[in-house]
Amino acid sequence: MFEHVALLDLGTPELVLILLIVLVLFGGKKLPELSRSLGTSVRELKSGVNEAKGVKEDFRTQVSQTAASIDHPGQE
């Protein structure tokens, strides 16, 4: 009844075609620079996600401490 729809369901021929188009558009000299900047962007994104997870955990800890102090005033 439901059809499986994948957003990036790319096979080898599609990837080769995309790489050839990128090569034609940017040229061979720009590809290393482009891949370096892409790698840097991915690293920054991962570190941002990890930082957000840390902030989320800090928030949860503070909420649970506040809830405990409300439930049992005077005991910390």
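Here, each number is a calculation from the coordinates, and none is a lab measurement. Predicted model, so just to flag it, every value in this text is computed and none were measured. Here the Cβ is made from the backbone with ideal geometry for all residues, glycine too, and neighbour counts use every protein chain on show.
Dipole size in debye (nearest 20) for the chain around its Cα centre, Lys and Arg Cβ +1, Asp and Glu Cβ -1?
460 debye
Scaled to the globular estimate 2.2 N^0.38 Å, the Cα spread of the chain, given as radius of gyration, is 2.09.
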